[in-house]
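J.: I'd like to ask you about the structure that follows.
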Amino acid sequence: EIEVKAKIDTGAYSTSIDTELAKKLGFGEMLQLFDVAFHQFTPQIKRGEGDRITKEFMEIHGKNIEQLESVTSVFSASGATLRPIANMSFVMDNETVSSRVNITDRADLQYSVLIGRRDLKKFLIQVS
């Protein structure tokens, strides 16, 4: 059990955790295997092709990587990338939340966890 501060982001759909935190939580081997598979896979990730890329990657590599639930294509100003998705639970405000989190390098960001709106359904978010 690890306690961290998280950023609540209603603009993000899904929850993301930092790769170093994921390793501490027991996803280290999965991340190593994903990294090897990703570098063998290396497709051009284009908008609108996320579902095809996910299906193709999981058909080729998914069964060989324990703890890998799926992958997701993420598009940002810095380009497109493929992120691993894992199942995990976390506690927020004494509520246990079961989630599918994507794992990415958040080392340069203030929070190692970003909680997206999919995991905020049990909570009232009041902004000022």
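J.: Just one of the numbered conditions (1) part of a loop (DSSP other than H, G, I, E, B); (2) loosely packed, with under 10 Cβ neighbours inside 10 Å; (3) without any contact (Cβ under 8 Å) to a residue 40 or more places away in the chain is not true of Gln110; which one?
T.: (3)
J.: Does Asp119 meet the test of being within 13 Å of the chain's Cα centre (by Cα) and either open to solvent by less than 30 Å² (accessible area, probe 1.4 Å) or modelled with pLDDT of 90 or more (or both)?
T.: So Asp119 fits the description; yes.
J.: Consider the range 33-63. How many of its residues are among the polar types (S, T, N, Q), more than 11 Å from Pro84 (Cα to Cα) and either modelled with pLDDT of 95 or more or surrounded by 12 or more Cβ atoms within 10 Å (Cβ to Cβ) (or both)?
T.: Of the residues in the range 33-63, 0 are among the polar types (S, T, N, Q), more than 11 Å from Pro84 (Cα to Cα) and either modelled with pLDDT of 95 or more or surrounded by 12 or more Cβ atoms within 10 Å (Cβ to Cβ) (or both).
J.: Here is a follow-up. Which of the residues that make up the range 84-98 are under 22 Å from Ile53 (Cβ atoms) and either β-branched (Val, Ile, Thr) or in contact (Cβ under 8 Å) with a residue 60 or more places away in the chain (or both)?
T.: Matches in the range 84-98: Ile85, Ala86.
J.: Let me ask you something else. Kindly check whether there is at least one residue in the range 18-27 that is among the hydroxyl-bearing types (Ser, Thr, Tyr), under 14 Å from Val101 (Cβ atoms), at pLDDT 95 or above and surrounded by 15 or more Cβ atoms within 10 Å (Cβ to Cβ).
T.: Checked the range 18-27: at least one residue is among the hydroxyl-bearing types (Ser, Thr, Tyr), under 14 Å from Val101 (Cβ atoms), at pLDDT 95 or above and surrounded by 15 or more Cβ atoms within 10 Å (Cβ to Cβ).
The values are calculated or read from the model by the stated rules, or taken from the named source; none is laboratory data. Please read these numbers as outputs of a predicted model, since none were measured by experiment. Ideal geometry is used to build each Cβ from the backbone, glycine not excepted, and the neighbour counts take in all protein chains shown. Each accessible area value is taken on the protein alone, full model and side chains, heavy atoms only, with ligands, DNA and RNA left out. Shrake-Rupley method; radii C 1.70, N 1.55, O 1.52, S 1.80 Å.
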